[in-house]
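The structure appears below as structure tokens.
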């Protein structure tokens, strides 16, 4: 009699931890991956950095853009095109810094490539990863507790 091949099955906890690990990787490691990627693939261009409100403006393909995204720890890309050409030209006449812009998507830009050394904007991602992994841990142990055999009553052997 031939043995039937074993089928591979993923348990609920395996799927849960695979998803939690992938999301935690995206939250904690992806900014550093993007940091390296942008260093090789994105364009470093001159820009005007505003002193007080952490915004910067730049020109790409004869259009002017403004962004508040400091680095890759900031999840939302808040870049917008400046509608008035005169505003952009006035700002860019006083260039005082440089920023990094995707050559394929000028709305994707960052001011600094320092995600590996400057973690000041990472607190939201760290907290999110902590809550996610803590929830996965809680679900894992709550599921094991329900499936554990009942304790033996006193005076009987548990066989």
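The values are calculated or read from the model by the stated rules, or taken from the named source; none is laboratory data. Because the structure is predicted, anything quoted here is derived from the model rather than measured. Here Cβ is always computed from backbone atoms with ideal geometry, including for glycine, and neighbour counts include all displayed protein chains.
Can you say whether residue 73 is surrounded by 16 or more Cβ atoms within 10 Å (Cβ to Cβ) and not in a loop (DSSP other than H, G, I, E, B), as far as the supplied structure shows? Give the derivation first.
Numbers: surrounded by 16 or more Cβ atoms within 10 Å (Cβ to Cβ): yes; not in a loop (DSSP other than H, G, I, E, B): no.
Here the answer is no, as residue 73 does not meet what is asked.
Identify all residues within region 21-60 that are more than 15 Å from residue 103 (Cα to Cα), touching a helix residue (DSSP H, G or I) at 6+ places or on another chain (Cβ under 7 Å) and not in a helix (DSSP H, G or I); write none if there are none.
Answer for region 21-60, where residues must be more than 15 Å from residue 103 (Cα to Cα), touching a helix residue (DSSP H, G or I) at 6+ places or on another chain (Cβ under 7 Å) and not in a helix (DSSP H, G or I): 48, 57.
Restricting attention to region 32-41, does a residue exist that is farther than 22 Å from residue 120 by Cα, modelled with pLDDT of 85 or more and surrounded by fewer than 13 Cβ atoms within 10 Å (Cβ to Cβ)?
Restricting attention to region 32-41, the residues satisfying the condition of being farther than 22 Å from residue 120 by Cα are 40-41.
If we keep only those that are modelled with pLDDT of 85 or more too, we end up with 40-41.
Retained after the next criterion (residues that are surrounded by fewer than 13 Cβ atoms within 10 Å (Cβ to Cβ)): 40-41.
Within region 32-41, one or more residues are farther than 22 Å from residue 120 by Cα, modelled with pLDDT of 85 or more and surrounded by fewer than 13 Cβ atoms within 10 Å (Cβ to Cβ).
Going through 46, 106 one at a time, which residue ends up being more than 30 Å from residue 21 (Cβ to Cβ), surrounded by fewer than 14 Cβ atoms within 10 Å (Cβ to Cβ), in contact with a strand residue (DSSP E or B) (Cβ under 6 Å, 6 or more places away or on another chain) and at pLDDT 85 or above?
Result: 46 is the single residue among 46, 106 that is more than 30 Å from residue 21 (Cβ to Cβ), surrounded by fewer than 14 Cβ atoms within 10 Å (Cβ to Cβ), in contact with a strand residue (DSSP E or B) (Cβ under 6 Å, 6 or more places away or on another chain) and at pLDDT 85 or above.
Please go through region 94-103 and pick out each residue that is at pLDDT 90 or above and loosely packed, with under 13 Cβ neighbours inside 10 Å. Quick ask: steps written out before the conclusion?
Start the filter on region 94-103 by keeping residues that are at pLDDT 90 or above, which leaves 99-103.
Within region 94-103, 103 is the sole residue that qualifies.
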